[in-house]
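So the structure is just underneath, and the comments pick up after that.
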Amino acid sequence: MSRSRKVAQTSVNAFTEEERAAMKERARERKARPRAGKADGEHDVLAKIAEMPASDRVMAERVHAIIKAHAPSLSPRTWYGMPAYTKDDQVVCFFRSAQKFKTRYATLGFSDEANLDEGNMWPTDFALKELNSAEETRIANLVKKALS
């Protein structure tokens, strides 16, 4: 077998089934984006949240409500099949269900568009096992800081 064929086969197997599914969802989102408005984006986000297992769905609903309440300038839309929130069409933060990539916890992630900088090193992803008032307050503060 030639080297180029081996590289091609390795590349095909480099992504998990879940990663390939997310890339396909992203391609569908990009095709649909010119037609989608803010209302359509929220509809898509709520539909994705409704598909999640109960434990992640409850957290995603709370995260969605917190972001809407504390960062109304962010527009909801899906991003790689995940609920995401954008400013000027750039993803600022997103919610990744544990089921999405078969991990043991859900994640609230922030892109490089978020202003969370603290010195030379800071977290951009936060593991979520459950939400109580302390985590909800922290999420609200992180989202506000991300937009500052």
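Derivation of every value follows stated rules applied to the coordinates shown; laboratory data play no part. In this text, all values refer to a predicted model and were calculated from it rather than measured experimentally. Here the Cβ is made from the backbone with ideal geometry for all residues, glycine too, and neighbour counts use every protein chain on show.
Dipole magnitude of the chain about its Cα centre, charges +1 at Lys/Arg Cβ and -1 at Asp/Glu Cβ only, in debye to the nearest 20? Before the final figure, lay out the partial values.
Values: 26 positive and 21 negative charges, 137 e Å.
In debye, rounded to 20, the chain gives about 660.
How about residue 129: which aspartates and glutamates have a C-alpha closer than 12 Å to its C-alpha, ignoring those fewer than 8 places off in the same chain?
In chain and number order, the partners are 56.
For semi-axes √(5λ) of the Cα gyration tensor in Å, one of [x] 28, 18, 17; [y] 32, 16, 13; [z] 24, 20, 14 was computed from the structure I shared and the rest are decoys. Which label?
Checked against the structure: label [x].
Packing-wise, with mean Cβ within 10 Å as the measure, how do 135-142, 59-66 rank, highest first? Could the numbers behind the result be given before it?
Working: 135-142: 15.8, 59-66: 19.6.
Those peptides, ordered most packed to least, come out 59-66, 135-142.
Once the dipole of the stretch 38-125 is set up with Lys and Arg at +1 and Asp and Glu at -1 on Cβ about the Cα centre, which of 59, 92, 81 lies farthest towards its positive end?
So the residue we want is 59.
Order 74-84, 21-31 from most to least packed using the mean count of other Cβ atoms within 10 Å. Mind showing how you got there, number by number?
Working: 74-84: 22.5, 21-31: 13.5.
The peptides rank, most packed first, as 74-84, 21-31.
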